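Here is the structure we will look at, set down as structure tokens.
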Amino acid sequence: MKFANSAVWMFAGLMLAASGVYAQDAGQKARQLTEPESQKSVKSEALEKPLRDAEALIKAGRPADAYNLLEPLEFDRSGEVRFDYLIGIAALDSGKPDKATFAFERVLAVDPDYAGARLDMARAYYQLGDLSRAKTEFETVSEQNPSEAARATIQKYLDAIAAQQEAKLTRFKAAKQTRFSAYVEGGLGHDTNVNNSTSQSQIDVPIFGNQTFILNPTNQQTADNYYTVAAGGEASHNLNANWGLYTGADVRQIGNNTQTGFDTLSLDGRAGVTYTSNEKNVFRIGGMGGRYNLARVHYYDFSGFSADWWHVYSPTNQVSLFEQYGRIRFANTAMTINDFDQTILGTTWMHVLAAGQSVVFGSLFLANENDVAPVTPSNPSGGRADGDMRGLGLRAGGQTAMGQNTELFASMGLQSGAYAKTNAMFLLKRRDDLFDLSMGANWHWDKNWTLRPQLNYWKNSSNIVIDSYNRMDVSLNIRRDFR
């Protein structure tokens, strides 16, 4: 019985509570019906005031102040045609054409026939130096029956664009058809691991029941001081406004203070064809080759080709696609077991920051190494110990100017590689993760001379102990360019 009474009271309480909620909701609705005009007026004024103030600032010749007024509201109000148009005008007239294009694009997405926004979009592209897109936008507006004043403005811009394009063509014709550049460089440094070897002196080898072996000193991490000298040059020849040829070569010698068995000499050459289209697309394809000596002995040869395409989206953004194919062939018959073909495919994005003082980039690439060593009496299974390799790599970096004569630069990368064959000695399929970091500065005390302090670091982590290593290289180089 107590339970029944409780249930009755509970039901009654719920009904009363519901009645209260209903009454409250009804009161709110009543207030909404009786107060909307004043509320709407206040809200409308709150939304309109910053637009009205910004418009007044623009008319008063203070577009930067108008932009600063509207910019904090952009996240909440982008998509409103009037707001986007005003902030676009404020950005354009205060020297921010890149930001203006984003605002005008939002306007035109809602109203493609908004001639004023399209005209100002054309002006923004003109200020950015994107003459091709500016011309397209100006011509589009001229087909929308603009006023005589607007038509006169459009024609002035079109005439200016035509004059600039003609001047550029004249400069091209007047420029040297063939250009040469060259450099010489020298430096000193300290390398903590000149032979890219493990720091361990003893290893356990699974194929021999994990018996411990002592590594030869030449296969253990070895540090040394070194010197480096290098020279190179490149020549290019314009066949016409679109086609060109290029060729170049480099030579570099690294000599160690005591570990002369790891001295290196590399010779590299390249040549190819370039094609430029509409000043926005640059294609290049060519062959390359080289020779690498170790301890003054011919070690391996390299040959292959490369191709890349650069596309300029805007004066501040460029992207590229690239491919490289190469063949590594070792000179010593005993080393031909390590011969391989390598293919790299990738893409790069580059962005120029404010005032052109800084550049950042990012790159993604795939790497493939095909094991091509043939079956021989000394190598009955053919190929190298770890077989083919499939890899993925990332790289990012940038450069920024510090004053008139100095640039700081840095880049870092990560590459992961997985091998196809089980290593007979370690009974594992090799897997590597290579991290690298580079940073330094270029100081130009003269336009042709550069002093470059630099630090490089590598860390390769591998499931096969003899392939794991750490390495740091600190150097100071001086370079002379000839242009």
Worksheet item: When the Karplus curve 6.51 cos²θ - 1.76 cosθ + 1.60 is applied with θ = phi - 60°, which whole-Hz ³J(HN,Hα) does each residue of the stretch 255-267 get, with x for Gly and Pro?
Response: x, 8, 5, 10, 8, 5, x, 10, 5, 10, 9, 10, 10
Worksheet, complete the sentence: Per residue convex hull volume, Cα only, the stretch 345-483, in Å³ is 160
Item to complete: Please list the helices of the chain that count as membrane-span-like by this rule: a mean Kyte-Doolittle hydropathy of at least 0.0 together with Cα atoms stretching 30 Å or more along the helix axis, each helix being a complete DSSP H run.
Response: 2-34
Worksheet item: Taking only the alpha carbons of the stretch 279-334, what extent do you get along each of the three principal axes, in Å, biggest first?
Response: 52, 17, 14
Worksheet, complete the sentence: Its Cα gyration tensor gives the stretch 318-368 an equivalent ellipsoid whose semi-axes in whole Å, largest first, are 37, 12, 7
Worksheet item: Excluding same-chain residues fewer than 8 positions from K429, which aspartates and glutamates have a Cα within less than 18 Å of its Cα?
Response: D204, E369, D371, D386, D388, D467
Worksheet item: Considering the values (i) 1.00; (ii) 1.15; (iii) 1.51, which represents Rg/Rh (Cα atoms, Kirkwood Rh) as calculated for the structure under consideration?
Response: (ii)
Worksheet entry | Cα gyration tensor category, rounded, prolate or oblate, for the stretch 41-172 with a/c compared to 1.5 | prolate
Worksheet item: From the backbone phi of the stretch 333-342, what are the Karplus-calculated ³J(HN,Hα) couplings (6.51 cos²θ - 1.76 cosθ + 1.60, θ = phi - 60°) in whole Hz, Gly and Pro given as x?
Response: 4, 5, 9, 5, 4, 9, 4, 7, 10, 10
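Computed from the coordinates by the stated procedures, all read-outs in this text should not be read as laboratory data. Values in this document were obtained by computation on a predicted structure and should not be read as measured data.
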